[in-house]
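Asks: This structure is in C-alpha cells; I'll ask about it shortly.
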Ligand code: ADP
Ligand code: AMP
C-alpha cells in the first residue's frame, strides 16, 4: 500500500491516518508532524520553517521534497507508506512521481477526503491534541470526558498554534490555490479515491477501507 491522503486542512487526514496505518501496517509520514517536531527541538530545519507554519503558508517545495525523499528511502517504507499532507503542490507531486520511479515504486491510491469549508473551519477551530500520546479531540465533535485532559493517558490537551482564525484563513487559501489542483492531477492518472469526509470518523474509515478493498487488494 503506497497511499496519499489528500484533503483540505482539518478534513480529518491525521484522524484517518491513525486508523489506516494500524490496519495496513504502513508508516505514517506527515510533513506537518515532521516540521512541528523540528520546531519543538529548535533544529536548523525547525528555525527555517517556523515562520511558514506560524503564518499558515506552505513551506518551500525544495525543503519539503528533500524531507520526504529522504524519509521514503528508510527501510520501514520498503513495502508501503501513507503520506499525509504531502504533496501539497503540483511541483511536489511531480517530484514524488520522479522519486518513486527512481525507486521502482508506484502509488496505489490517492484518498481524497471531501469536506465542506464550513466544516473544516469548525474542525480546526475546535481541535485539541494530547501532549502525551498525540490523540486528537474536538470541542465540537469529539470532546474529552474531562475538559482539557486526555481520556487515554490523562495528560493535558493543547491547541495547535496555527489553529487561529487568521491562520486558518491563510491555510484554506493555500489549499484552494496550490493543493486543490492535485485532485485533477491524480484523477487523470486514475488514482483518485473520493471519500465523503463529512461522515463520522468511523464511517469515513469504513468508506476508505471499503474502497481500498474493492479497487486495490
Ligand atoms: P487534518 O489532519 O486533515 O488537519 P485532523 O485529523 O487533525 O485533520 O482533524 C481535524 C479536527 O477534526 C480534529 O479535532 C479531529 O478530532 C476532528 N475530526 C476529524 N475527523 C472528523 C470527523 N469525521 N468528524 C468530526 N470531527 C472530525
Ligand atoms: P498540517 O499538519 O498538514 O496541517 O501542516 C501544517 C503546516 O505545515 C502547513 O500549514 C504548512 O505550513 C506546513 N506543511 C505541511 N506539509 C507541507 C507541504 N507538503 N508543503 C508545504 N508546507 C507544508
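Asks: Within the set of pairs 6 or more residues apart or between chains, which connect a residue that is without any contact (Cβ under 8 Å) to a residue 40 or more places away in the chain inside region 1-28 to a residue that is crowded, with 23+ Cβ neighbours inside 10 Å and assigned to a helix (DSSP H, G or I) with Cβ atoms less than 8 Å apart?
Replies: Nothing qualifies.
Asks: Follow-up. Output the residue which, of all residues in region 178-192 that are within 16 Å of ligand 1 (Cβ to nearest atom) and touching a strand residue (DSSP E or B) at 6+ places or on another chain (Cβ under 9 Å), is nearest to residue 89 (Cα to Cα).
Replies: So the residue we want is 179.
Results for (1) farther than 18 Å from residue 177 by Cα; (2) within 16 Å of ligand 1 (Cβ to nearest atom); (3) surrounded by 15 or more Cβ atoms within 10 Å (Cβ to Cβ), shown as yes or no for each residue.
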residue: 17; (1), (2), (3): yes, yes, yes
residue: 29; (1), (2), (3): yes, yes, yes
residue: 38; (1), (2), (3): yes, no, yes
residue: 42; (1), (2), (3): yes, no, no
residue: 61; (1), (2), (3): no, no, yes
residue: 76; (1), (2), (3): yes, no, no
residue: 89; (1), (2), (3): no, no, yes
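Asks: I'd like to verify a number: residues in region 205-217 that are in contact with a strand residue (DSSP E or B) (Cβ under 6 Å, 6 or more places away or on another chain), in contact (Cβ under 8 Å) with a residue 60 or more places away in the chain and under 28 Å from residue 118 (Cβ atoms), how many?
Replies: Of the residues in region 205-217, 2 are in contact with a strand residue (DSSP E or B) (Cβ under 6 Å, 6 or more places away or on another chain), in contact (Cβ under 8 Å) with a residue 60 or more places away in the chain and under 28 Å from residue 118 (Cβ atoms).
Asks: Something else: From 80, 46, 56, which residue is touching a helix residue (DSSP H, G or I) at 6+ places or on another chain (Cβ under 9 Å) and within 15 Å of ligand 1 (Cβ to nearest atom)?
Replies: The conditions single out 56.
Asks: Given the structure, is residue 126 surrounded by 13 or more Cβ atoms within 10 Å (Cβ to Cβ), more than 16 Å from the chain's Cα centre (by Cα) and within 25 Å of residue 53 (Cα to Cα)?
Replies: When the stated conditions are applied, residue 126 passes them.
Asks: Say we look at region 37-61 and pick out the residues that are closer than 19 Å to residue 175 by Cα and without any contact (Cβ under 8 Å) to a residue 60 or more places away in the chain; which of these is nearest to the chain's Cα centre (by Cα)?
Replies: Top of the filtered list is 59.
Asks: Here's another thing I want to ask about it. Can you tell me which of (1) out of contact with any strand residue (DSSP E or B) (no Cβ under 8 Å at 6 or more places or on another chain); (2) free of Cβ contacts under 8 Å to residues at least 12 places away in the same chain; (3) over 25 Å from residue 207 (Cα atoms) is the one residue 149 doesn't meet?
Replies: That leaves (1) as the condition not met.
Asks: Another one. Condition first: out of contact with any helix residue (DSSP H, G or I) (no Cβ under 8 Å at 6 or more places or on another chain) and at positive phi. Now tell me which residues in region 1-43 satisfy that.
Replies: 25, 42, listed by residue number.
Asks: Would you mind stating whether residue 137 is at pLDDT 95 or above and either within 24 Å of residue 107 (Cβ to Cβ) or loosely packed, with under 12 Cβ neighbours inside 10 Å (or both)?
Replies: Judged against the criteria, residue 137 is not a match.
Asks: Find the residue count for region 97-107, including only residues that are assigned to a helix (DSSP H, G or I) and in contact with a helix residue (DSSP H, G or I) (Cβ under 7 Å, 6 or more places away or on another chain).
Replies: So the count comes out to 1.
The values are calculated or read from the model by the stated rules, or taken from the named source; none is laboratory data. Computed from a predicted structure; not experimentally measured. Cβ atoms come from the backbone with ideal geometry, glycine included; neighbour counts cover every protein chain shown.
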